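The values are calculated or read from the model by the stated rules, or taken from the named source; none is laboratory data. Model, not experiment: these values are computed from the prediction. For neighbour counting, all protein chains shown are included, and Cβ atoms are generated from backbone atoms with ideal geometry for every residue, glycine included. The protein model used for the area step is the full one, side chains on, heavy atoms only, and it has no ligands, DNA or RNA in it. Shrake-Rupley method; radii C 1.70, N 1.55, O 1.52, S 1.80 Å.
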There are 2 protein chains.
Amino acid sequence: MSQYFSFDLQAQDGRARAGLFRTPHGDLQTPVFAPVGTQATVKSLTPSHLDEVGASLVLANTYHLYLRPGDDLIAEVGGLHEFMQWPRPILTDSGGFQVFSLGGINQIDDEGVTFKSHVDGSTHRLTPEKSIAIQENLGADIIMAFDECAEPYDRVYNQRAMQRTHAWAERCLNAKTRHDQALFGIVQGGIFPDLRAESARFIASLDFPGNAIGGLSVGETKEAMHAILEVVDPLLPEDKPRYLMGVGTPEDLINGVMRGVDIFDCVLPTRLARHKAAFTSRGRVNVSKAENARSTRPIDEACDCYTCSNFSRAYLRHLIAAKEMLASTLLSIHNIYALIRIAKEMREAIFEGQFSAYAARVLHELA
Amino acid sequence: MSQYFSFDLQAQDGRARAGLFRTPHGDLQTPVFAPVGTQATVKSLTPSHLDEVGASLVLANTYHLYLRPGDDLIAEVGGLHEFMQWPRPILTDSGGFQVFSLGGINQIDDEGVTFKSHVDGSTHRLTPEKSIAIQENLGADIIMAFDECAEPYDRVYNQRAMQRTHAWAERCLNAKTRHDQALFGIVQGGIFPDLRAESARFIASLDFPGNAIGGLSVGETKEAMHAILEVVDPLLPEDKPRYLMGVGTPEDLINGVMRGVDIFDCVLPTRLARHKAAFTSRGRVNVSKAENARSTRPIDEACDCYTCSNFSRAYLRHLIAAKEMLASTLLSIHNIYALIRIAKEMREAIFEGQFSAYAARVLHELA
């Protein structure tokens with residue numbers, strides 16, 4: 001793709017893919033799950049923790065960092081890698097999703113979006129050009145085109161939002177100046193297969209070094225998400241990584257890889273941790289339940305993360321009851337590790353031609 | 001002292017002492033600073049963090065753990081070391097101080113104290129025997145006699161509280177059944193030299209394996225604290241460790257060691273961290289100050305902790321502004337490391353016969 005980026009498809013098993021995505025801050029072995037560091041920190045974890053759980057890619061949110069501390073400040077102190085001390089690849093989103101979900105929208109037009117900051121109520125304007133300028137200041141390895149994310153079941157709005165997203169994708173490509181960042185395009189179109197197909201064809205035609213599927217995991221059914229992935233997957237170039245934005249659960253990762261996805265990100269593992277819940281190989285558990293009060297068992301006997309190697313459910317439940325910060329830290333370590341482990345296991349299964357069996361077994365155990 | 005404990009005085013320099021205190025969970029090199037894990041967790045830190053900052057002794061609070069999750073539960077799941085996964089020495093206080101400061105006191109009499117839980121308002125009673133029973137359930141290496149901590153300037157109350165503390169100290173000795181725990185007596189007497197001398201002589205006569213000085217750092221002046229230490233120090237046995245409870249700042253540690261103290265504990269480093277403040281070799285700084293917004297400097301250039309080795313003041317200030325938990329974690333790592341480093345440096349200075357010069361230099365830099 002360039003001197004800075006390359007994507008090699010190393011193995012395929014059905015639609016599932018194992019690849020190597022080279023970036024200026026190191027290689028990503030796909031499938032890969034990226035924990036989210038909204039405000040330049042994966043909540044409650046140090047970079048050392050991220051390293052220990054095997055994280056390779058971390059996502060940070062352009063909307064939040066633009067508002068506070070400001071992308072100019074981050075550029076001045078050396079960029080996001082230096083700022084948050086994460087030496088491996090970083091991905092920033094475009095700010096679009098947060099503007100639509102968090103910002104008080106004043107106006108959307110073909111030029112861009114005017115919104116109110118959720119921090120202090122001040123008025124701001126994001127355009128494709130501005131989003132790229134901010135992301136160039138932040139300096140992530142992977143940056144995203146500015147898109148409009150519509151309510152998934154509203155066909156008229158999705159058609160309009162998709163057209164805007166396409167126009168904005170071209171403007172983002174034109175606005176981009178740094179060569180050490182890979183700009184990914186984003187497919188929109190809600191739950192409508194014809195719109196999704198049109199969007200995938202258009203975005204593919206722009207020859208981005210990677211392509212993302214946006215506007216999913218925003219309220220639609222799992223069946224609708226899977227159906228859309230099956231529409232989009234064959235229309236995106238095989239030799240570019242595919243990124244399913246904002247997804248998801250262990251089941252979602254498996255269902256995504258089964259349908260050709262390479263990259264995932266989600267706040268779920270850290271958000272669940274703050275809500276006392278943990279992934280296990282047998283499904284989700286609420287650690288604060290009374291039945292755990294005197295349990296010397298770890299969260300998941302099948303897990304060898306720092307939390308499960310050391311701490312009992314009784315201790316974790318106590319930390320939760322006592323409102324101790326360590327509860328979030330230990331549950332986040334476990335939950336992120338659980339998703340990264342599934343991504344790694346899928347990769348191995350793909351190399352061994354055993355992906356279907358792996359997926360069937362894990363989905364069965366989780367059910 | 002016993003098959004489980006011994007204290008060797010390795011070097012002296014003036015009144016300052018360097019010693020080795022052997023416990024069932026490892027050796028303590030004194031002077032030693034113990035971070036506080038009130039609810040069986042040093043707030044915002046994992047045991048790995050504690051290990052990395054060089055912690056050897058951790059304090060946990062009997063009052064809090066008795067109320068939640070309950071000392072019987074902790075005993076059932078294997079004791080406090082196993083529960084909180086801290087394999088090195090632990091010290092528990094008697095619960096006395098918290099009963100008087102946090103509990104809604106219903107009644108104090110010569111038998112014990114009836115109080116209301118700050119957690120749920122339920123009524124409880126602590127006696128010397130009950131405090132020892134709880135501490136035996138918790139299973140720390142060092143446990144404390146149940147004492148009454150009076151307002152430091154009230155002579156009549158201090159006289160009565162001291163006498164009760166002495167009677168309770170004898171009852172604690174009689175109540176104790178475990179041989180793998182060292183019970184320390186506590187000297188009381190407020191800011192009154194004659195009471196303190198009487199208390200030190202009495203407590204020393206009971207031949208505890210270690211002696212503590214309680215009722216300081218509770219509102220009295222620094223001069224009063226130093227004066228009391230100078231009264232108590234020569235009256236306590238040389239061949240037993242001396243523990244100054246609930247102290248303190250970098251200055252307090254130096255002033256304590258200068259007056260014969262070996263062991264310290266304090267919530268200050270973690271509490272300051274939650275209030276955005278950090279120790280430096282030039283005094284305390286508030287990291288959230290505007291002047292740090294674009295600073296690429298660490299908290300303290302003279303510090304080589306994880307936080308100072310990696311993170312800028314600009315980043316820490318951003319985490320504080322964004323109310324991110326990582327701010328507490330990174331500032332706690334630094335603040336605890338700073339106190340542990342001072343304790344280690346004092347130990348080295350004592351071995352080298354350079355304690356006075358060290359103390360003078362550091363106190364001057366801090367001022």
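In the set A:TYR153, A:TYR66, only one residue is more than 17 Å from the chain's Cα centre (by Cα), within 14 Å of chain B (Cβ to nearest Cβ), open to solvent by 10 Å² or more (accessible area, probe 1.4 Å) and of a type in the set (Phe, Trp, Tyr); that residue is A:TYR66. Remark: B:GLN85 falls outside the filter, which requires a residue to be more than 30 Å from A:CYS308 (Cα to Cα), touching a Ser or Thr at 6+ places or on another chain (Cβ under 9 Å) and open to solvent by 10 Å² or more (accessible area, probe 1.4 Å).
A:GLU238 fails exactly one of the following numbered conditions: (1) closer than 20 Å to A:GLY190 by Cα; (2) open to solvent by 40 Å² or more (accessible area, probe 1.4 Å); (3) touching a residue at least 60 places away in the same chain (Cβ under 8 Å). What is the number of that condition? Failing condition for A:GLU238: (1). Go through region B:348-367 and give me each residue that's outside any helix (DSSP H, G or I) and open to solvent by less than 100 Å² (accessible area, probe 1.4 Å). Answer for region B:348-367, where residues must be outside any helix (DSSP H, G or I) and open to solvent by less than 100 Å² (accessible area, probe 1.4 Å): B:GLY353, B:GLN354. Taking the conditions exactly as written (more than 14 Å from chain A (Cβ to nearest Cβ), in contact (Cβ under 8 Å) with a residue 12 or more places away in the chain and polar (S, T, N, Q)), does B:THR30 satisfy them or not? In short, yes.
Looking only at region A:48-56, decide whether some residue is touching a Lys or Arg at 6+ places or on another chain (Cβ under 6 Å) and more than 14 Å from chain B (Cβ to nearest Cβ). There is at least one residue in region A:48-56 that is touching a Lys or Arg at 6+ places or on another chain (Cβ under 6 Å) and more than 14 Å from chain B (Cβ to nearest Cβ). Of all residues in region A:69-82, those satisfying the criterion of being among the aliphatic types (A, V, I, L, M), assigned to a helix (DSSP H, G or I) and surrounded by fewer than 23 Cβ atoms within 10 Å (Cβ to Cβ) are A:LEU73, A:ALA75.
The set of residues in region A:318-344 that are part of a helix (DSSP H, G or I) and at the interface with chain B (Cβ under 8 Å from one of its Cβ atoms) comprises A:HIS318, A:LEU319, A:ALA321, A:MET325, A:LEU326, A:SER328, A:THR329, A:LEU330. Of the residues B:PRO241, B:PRO237, the single one that is more than 12 Å from chain A (Cβ to nearest Cβ) and in contact with a Pro (Cβ under 9 Å, 6 or more places away or on another chain) is B:PRO241. Selection over region A:88-144 of residues that are part of a strand (DSSP E or B), within 14 Å of A:ARG68 (Cα to Cα) and either of a type in the set (D, E, K, R) or touching a Cys at 6+ places or on another chain (Cβ under 9 Å) (or both) gives a count of 1.
Can you pull out every residue in region A:184-207 that is of a type in the set (D, E, K, R) and surrounded by fewer than 24 Cβ atoms within 10 Å (Cβ to Cβ)? Hits for region A:184-207 are A:ASP194, A:GLU198, A:ARG201, A:ASP207. Could you say whether any residue in region A:70-77 is within 14 Å of chain B (Cβ to nearest Cβ), in contact with a strand residue (DSSP E or B) (Cβ under 8 Å, 6 or more places away or on another chain) and of a type in the set (A, V, I, L, M, F, W, C)? Scanning region A:70-77 turns up no residue that is within 14 Å of chain B (Cβ to nearest Cβ), in contact with a strand residue (DSSP E or B) (Cβ under 8 Å, 6 or more places away or on another chain) and of a type in the set (A, V, I, L, M, F, W, C). Annotation note: of A:SER117, A:SER101, A:SER94, the sole residue that is of a type in the set (Ser, Thr, Tyr) and open to solvent by 30 Å² or more (accessible area, probe 1.4 Å) is A:SER101.
Note on region A:262-292: residues that are within 19 Å of B:GLN39 (Cα to Cα), open to solvent by 20 Å² or more (accessible area, probe 1.4 Å) and either facing another protein chain (nearest Cβ under 10 Å) or β-branched (Val, Ile, Thr) (or both) total 1. Report yes if B:GLU82 is acidic (Asp, Glu), in contact with a strand residue (DSSP E or B) (Cβ under 8 Å, 6 or more places away or on another chain) and within 30 Å of A:LEU330 (Cα to Cα), otherwise no. Spelling it out, it is not the case that B:GLU82 is acidic (Asp, Glu), in contact with a strand residue (DSSP E or B) (Cβ under 8 Å, 6 or more places away or on another chain) and within 30 Å of A:LEU330 (Cα to Cα). Of all residues in region A:211-230, which are buried (at least 21 other Cβ atoms within 10 Å of the Cβ) and hydrophobic (A, V, I, L, M, F, W, C)? Passing the criteria: A:ALA212, A:ILE213, A:LEU216, A:MET225, A:ILE228, A:LEU229. Here region A:20-58 is the region considered, the condition is being in a strand (DSSP E or B) and among the charged types (D, E, K, R), and the residue that is most open to solvent (accessible area, probe 1.4 Å) is A:ARG22. When region A:306-316 is filtered for residues that are farther than 20 Å from A:GLY54 by Cα and within 8 Å of chain B (Cβ to nearest Cβ), the ones remaining, listed by number, are A:SER312, A:ALA314, A:TYR315.
Selection of first residues in region A:68-80 that are charged (D, E, K, R) and of second residues that are at pLDDT 95 or above and part of a loop (DSSP other than H, G, I, E, B), restricted to Cβ pairs under 8 Å at least 6 apart or on distinct chains, gives the following pairs, ordered by first then second residue: A:ARG68/A:GLN39; A:ARG68/B:ALA322; A:GLU76/B:ARG294. Restricting attention to region A:293-305, the residues that are open to solvent by 50 Å² or more (accessible area, probe 1.4 Å) and within 21 Å of A:HIS49 (Cα to Cα) total 3. Here A:ARG15 passes the criteria (1) over 17 Å from the mean Cα position of the chain (by Cα); (2) surrounded by fewer than 21 Cβ atoms within 10 Å (Cβ to Cβ); (3) more than 15 Å from A:LEU253 (Cβ to Cβ) except the one numbered (3). Here region A:312-321 is the region considered, the condition is being open to solvent by 10 Å² or more (accessible area, probe 1.4 Å) and hydrophobic (A, V, I, L, M, F, W, C), and the residue that is farthest from A:ARG297 (Cα to Cα) is A:ALA321. Here A:THR177 meets the list (1) more than 21 Å from A:LEU244 (Cβ to Cβ); (2) buried (at least 24 other Cβ atoms within 10 Å of the Cβ) almost entirely, failing just condition (2). The requirement of being aromatic (Phe, Trp, Tyr) and more than 22 Å from the chain's Cα centre (by Cα) is fulfilled somewhere in region B:202-209, by at least one residue.
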